[in-house]
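The next block holds one structure in the form of C-alpha cells; read it before the comments.
The values are calculated or read from the model by the stated rules, or taken from the named source; none is laboratory data. This is a predicted model, so every value here is computed, not measured. Cβ coordinates were reconstructed from backbone atoms using ideal geometry, including for glycine residues, and neighbour counts include every protein chain displayed. Keep in mind that these areas ignore ligands, DNA and RNA; they rest on the heavy atoms of the full protein, side chains included. Shrake-Rupley method; radii C 1.70, N 1.55, O 1.52, S 1.80 Å.
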Amino acid sequence: MTGISVVLPSVLQPLAGGQSLLTAPAETAVTVEGVLDAVTGEYPALSRRIRDETGAVRRYVNIYVNGNEIRRLEGLATEVAPGGEVLIIQSVAGG
C-alpha cells in the first residue's frame with residue numbers, strides 16, 4: 001500500500017507518541033485535510049496543535065506539500081498524491 005508521509009518537527013513529536021514521521025494511507029490523491037484527519041485520529045492533542053476548533057490551520061503552523069506552502073496553494077483542499085510528503089512546521093515564539 002502506498003502512503004503519504006507526514007513529517008513532524010521535534011516540538012510536535014511528543015504529541016504523536018514520539019514519532020517524527022507518520023504515514024497516511026492513500027491509494028489515490030487526497031486533500032491535506034484528509035491526510036491530517038488520517039494521521040491525527042489517534043493523537044487528538046496533535047490535532048488541536050495543528051488546527052483550531054473550526055478546523056482551520058493555526059496561524060503559527062505552516063504546512064508544506066512537496067516543498068510548497070499550502071497557503072499559497074489551495075489550503076487544506078490542496079491535493080497530495082500517494083508517495084507525496086506533507087511537512088508540518090510550527091513557529092516557535094521566543095523572547
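In table form, for the structure just shown:
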read-out: Filter result (open to solvent by 30 Å² or more (accessible area, probe 1.4 Å), part of a loop (DSSP other than H, G, I, E, B) and modelled with pLDDT of 95 or more) within the stretch 78-95; value: ALA81, PRO82, GLY83
read-out: Hits in the stretch 27-37 (condition: open to solvent by 50 Å² or more (accessible area, probe 1.4 Å), part of a helix (DSSP H, G or I) and either out of contact with any Gly (no Cβ under 9 Å at 6 or more places or on another chain) or more than 18 Å from VAL80 (Cβ to Cβ) (or both)); value: ASP37
read-out: Filter result (open to solvent by 30 Å² or more (accessible area, probe 1.4 Å) and either in contact with a His (Cβ under 6 Å, 6 or more places away or on another chain) or in a loop (DSSP other than H, G, I, E, B) (or both)) within the stretch 50-77; value: ASP52, GLU53, THR54, ALA56, ARG58, ARG59, TYR60, ASN66, GLY67, LEU73, GLU74
read-out: Check on ARG59, among the basic types (Lys, Arg) and modelled with pLDDT of 95 or more; value: no
read-out: Residue count, the stretch 39-63 (criterion: at negative phi and in contact with an Asp or Glu (Cβ under 8 Å, 6 or more places away or on another chain)); value: 3
read-out: The stretch 11-26: number of residues that are at pLDDT 95 or above and surrounded by fewer than 16 Cβ atoms within 10 Å (Cβ to Cβ); value: 7
